[in-house]
1. Amide H of PHE289 versus every other amide H placed in the peptide plane: which residues, excluding those fewer than 5 positions away on the same chain, fall under 5 Å?
2. Grab the beta carbon distance between ARG198 and ILE120, set R0 = 25 Å, and tell me the FRET efficiency rounded to 0.05.
3. Considering only Cα-Cα distances, which of the following residue pairs are longer than 21 Å: LYS244/LYS446; LYS127/LYS163; LYS224/LYS446; LYS104/LYS163; LYS163/LYS210?
4. Packing-wise, with mean Cβ within 10 Å as the measure, how do 241-251, 147-157 rank, highest first?
5. How much net charge surrounds ASP432 when only other residues with a Cβ under 15 Å from its Cβ are counted (Lys, Arg +1; Asp, Glu -1)?
6. Highest first, please rank the peptides 128-136, 56-64 by the mean number of other Cβ atoms sitting within 10 Å of their residues.
7. Please compute the net charge surrounding TYR458, taking Lys and Arg as +1 and Asp and Glu as -1 over other residues with Cβ under 10 Å from its Cβ.
8. Could you rank the peptides 349-359, 414-424 by their average count of other C-beta atoms within 10 Å per residue, with the highest value first?
Amino acid sequence: MKPKSRKAAEAEKGGASQEPFAEREESFGARALVVVPVFGPKIRRSSDTARPERSDEARLEEAVGLARAIDLEIVSAGLVTLNSLRPATLFGTGKVEELGLTVKTEDVELVVVDHPLTPIQQRNLEKALNAKVLDRTGLILEIFGARARTAEGRLQVELAHLKWQKSRLVRSWTHLERQRGGLGFIGGPGETQIEADRRLIQERISQLEKKLEQVRRTRDLHRKQRKKVPQPVVALVGYTNAGKSTLFNRLTESEVFAKDLLFATLDPTLRRIPLPHGGEVILSDTVGFISDLPTHLVAAFRATLEEVLEADLILHVRDISHEDTDAQAVDVADTLRLLGIEEGSDERIIEVWNKIDLLDPTRREAILQANRADAGAIAVSAVTGEGIDTLLRRIEARVTQERSVYEIDLPLEEGETLAWLYRSTEVLDRRDGDASSHLTLRVAPKQRDRFMQRCRTYIGS
């Protein structure tokens, strides 16, 4: 059954609005057409030949998922093969006319193009199609705006959006004062026309950068405080919708928002989790990565992503059931490289192959056998809990491998030192006697010097 058109919906309410679409404010999702350009052999970049090939169907599915993440009503979606790139419109004249016919017959209000568009291409397509056009970068920014929950997240989204908009003042529906997430093509307070003064935008960008610098300093202080306690930090990274938040909930027994939705998590979350043989780590969930993530967006979220830079251990969570899992892994590695982390050489990184419950039995068994024979990736299901115990043991082994174990006999009157030991080391065992307590401790390298200063005389006594 064909979805009810916007005009029909308005007619049921007492007549269609006569206002142009750019000036309307609607509360329900716009009718959208999703177009995924597929490059022919002549225009494929030679640098991509060594990268894992993405299937066209998976690209289309991801693009539709991105559009649905901001509640757009998808009335049509498809692949468009390009044998040449048109500077004016990206697509050829015939394809633009075909898209225009679809826009008209399906009552489409928004065309999503899953590829970066220049400001000129976007403007020309909007004129030719008589509909608003949003490219991949703009769509990702809209999703981030809708997902931001904290003040920090909203600052980061606004900064990224304004930097992207600086070159796009050809659009009459640009919003310059938007504080919250929402759809850029829906009117609202702060809408600025083509005459917008770039200086005002730059002033706002400078204000946001100063606020985010304060956020970064605050995070630095928090990290310095965490370095004074014995718990290592373990960061989850991975492609969006790889199951990081579900795994986070499984490990922490918490209820962080987790859904089969692209970019379900934007703001970072930290929780303590116990290890199998005592001790704890701090687990950090982070924003998901995605292919062609704009570099200015990575820069805007650097204050958040610095949690990954400072982590003692990084878990790269992969959706091993996805047909493009290898290509997604390369995209994550590219984003980590932007942060200064080389996945191939950084010993902090452990690959976690999630969603093995979705694999067919033959492939699932092959992966599990490979895991048993190799100490590399760990196969898990965050939904069923399979493999979680193995993952926790690996985390414990990695974060404790450089920690030294000491046994001391601490006099009972050294209450202050005992309290410091509980704050700054892992107390693995304690046996109280009449005059002293016999303690077995595991000490992190960063606390070893302070431990020796306070407890050297009690070691081996």
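1. Excluding prolines and chain starts, which carry no amide H, the hits are GLY238, TYR239, THR240.
2. E(calc), rounded to 0.05, equals 0.90.
3. Where the Cα-Cα span goes over 21 Å, the pairs concerned are LYS244/LYS446; LYS127/LYS163; LYS104/LYS163.
4. Output ranking for 241-251, 147-157: 241-251, 147-157.
5. Around ASP432, the charge tally is -4.
6. Result, highest mean first: 128-136, 56-64.
7. Once positives and negatives cancel, what remains is -1.
8. Ranking, from highest mean packing down: 349-359, 414-424.
Bear in mind these aren't lab numbers, they're just calculated from the coordinates by the rules spelled out. Predicted model only: the values in this text are computed from it and were never measured. Note that each Cβ is placed from the backbone with ideal geometry, even for glycine, and that neighbours are counted across all protein chains shown.
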